[in-house]
Amino acid sequence: MNSPEEKELFEKIKKGDEKAFESLFHQYYAYLCLYATKILQDDVSAEEIVQNFFVKLWEKREELFIETSIKSYLFRSVKNLCLNSIEHNKIKQKHARITIAEGKATENLDDNYFEVDLARKIGESIDSLPEKRKEIFRLSREEGLKYREIAQKLNISIKTVETQMGLAIKTLREKLKDYNTFFTLFLHFY
């Protein structure tokens, strides 16, 4: 229960007595900050909560009715605000993890779409080459044959193989110009 002094102090605060409010503030502020810090393990957040609590207390002073002691009311209120803050932070962290996970999933989807689109474009571009050029290109890139081996296999000169490969690469470079960086990698590994 409120002592007569606490009761009188609180009645003055309810009527807007700033000196009475300052007295209450100075009497409990440091203790409430220590208490909040123990709960939150963060002295900056603890001070912020206690300061906001005192602001709200002053703003709602006329509406308040305290049945227990003022001290109990202050500590219980700060405890509840700390627990609300912890819960709020958990929700924010969960939301952040979901957002990050969704972002990664979207990035992966975008990458997959890009890769599928690039693979389709490469296939179409190779298929559009003239028959002999396409055959030479595939023997070189898919079967890994050297120009000399291709020339022997197709019974043509090495010079013809070099010329046809140069024309094939030039055509593919033009058709895949939107994928220039990837095209260079493609030629290297394909």
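Residues checked against (1) in a helix (DSSP H, G or I); (2) of a type in the set (A, V, I, L, M):
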position	(1), (2)
I39	yes, yes
N52	yes, no
V55	yes, yes
R61	no, no
S77	yes, no
C82	yes, no
S85	yes, no
| note | Scanning the range 17-76 for residues that are loosely packed, with under 14 Cβ neighbours inside 10 Å, within 19 Å of S3 (Cβ to Cβ) and under 37 Å from the mean Cα position of the chain (by Cα) gives R76
| task | Scan the range 58-81 and report the pairs whose first residue is within 28 Å of D42 (Cβ to Cβ) and assigned by TED's automatic domain parsing to the domain that holds K12 and whose second residue is at pLDDT below 90 and exposed (fewer than 11 other Cβ atoms within 10 Å of the Cβ), with Cβ atoms within less than 7 Å and a gap of 6+ or a chain change. | result | S69/M1
| query | In the range 162-190, which residue that is surrounded by 12 or more Cβ atoms within 10 Å (Cβ to Cβ), part of a helix (DSSP H, G or I) and of a type in the set (F, W, Y) is modelled with the highest pLDDT? | reply | Y179
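Residues that are basic (K, R) and at pLDDT 85 or above: does the range 143-150 have at least one?
Residues of the range 143-150 basic (K, R): 146, 148.
If we keep only those that are at pLDDT 85 or above as well, we get 146, 148.
Scanning the range 143-150, I find at least one residue that is basic (K, R) and at pLDDT 85 or above, so the answer is yes.
The values are calculated or read from the model by the stated rules, or taken from the named source; none is laboratory data. None of the values given here were measured: they were computed from a predicted structure. Counting neighbours? That spans all protein chains shown, and the Cβs are built from the backbone with ideal geometry, glycine included.
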